[in-house]
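Here the structure comes first, spelled out in structure tokens, and everything after it is commentary.
The values are calculated or read from the model by the stated rules, or taken from the named source; none is laboratory data. Being a predicted model, the structure only gives us computed values, none of them experimental. Cβ placement follows ideal geometry from the backbone for every residue including glycine, while neighbour counts extend to all protein chains displayed.
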Ligand SMILES: *[C@@H]1O[C@H](CO)[C@@H](O)[C@H](O)[C@H]1NC(C)=O
């Protein structure tokens, strides 16, 4: 029965080749998680990533997202820009306070009065908290995406208020 034996051996060889092929193919498949490291032959993976890095991972770590807006500088003291005392409490505030006025739709009819919000500068990624005390009235010239803050907030963010406007994101703290 040498023929049968030969056939079995031949089949084993074929099977072996098939499995080798499939393994090779599997390895050739581009792995979406592997970076440019693989293109360097013989290079040892120093830091093997346990899982795929999330796309666009360079954004702010925890928190993430927030509402995009434009931060402007405002005075909340008597005799400054707004002229009137703050909408929330009918008082004037020191420009040394970490306070903010929000566009009408975000002011939400006073629902955010006294609440803290986080403001993150898109320029440098820094975040500070400020208290909502006023409305930036979108029915009277204020745009709808304004985070209007004191000099103190600008300083805390490490920004020069002379710039006048910077892109930020904000969220309820
Ligand atoms: C707001 O910022 C503070 C500190 O800067 C942080 O502890 C808090 O988690 C932030 N809140 C949100 C909702 O991101």
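The figures follow:
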item: Any chance residue 135 is under 21 Å from residue 68 (Cβ atoms) and surrounded by fewer than 18 Cβ atoms within 10 Å (Cβ to Cβ); result: no
item: Every residue from region 113-132 that is more than 13 Å from the ligand (Cβ to nearest atom) and either within 20 Å of residue 95 (Cβ to Cβ) or not in a loop (DSSP other than H, G, I, E, B) (or both); result: 113, 114, 132
item: Lone unmet requirement of (1) modelled with pLDDT under 65; (2) within 16 Å of the ligand (Cβ to nearest atom); (3) surrounded by 10 or more Cβ atoms within 10 Å (Cβ to Cβ) for residue 61; result: (3)
item: Index of the failed condition, residue 76 passing every other in (1) modelled with pLDDT of 95 or more; (2) in a loop (DSSP other than H, G, I, E, B); result: (1)
item: Residue in region 133-151 that is within 16 Å of the ligand (Cβ to nearest atom) and under 20 Å from residue 85 (Cβ atoms) present; result: yes
item: Where residue 166 falls short, out of the listed (1) within 16 Å of the ligand (Cβ to nearest atom); (2) assigned to a strand (DSSP E or B); (3) within 23 Å of residue 77 (Cβ to Cβ); result: (1)
item: Residue in region 104-112 that is under 30 Å from the mean Cα position of the chain (by Cα) and closer than 22 Å to residue 163 by Cβ present; result: yes
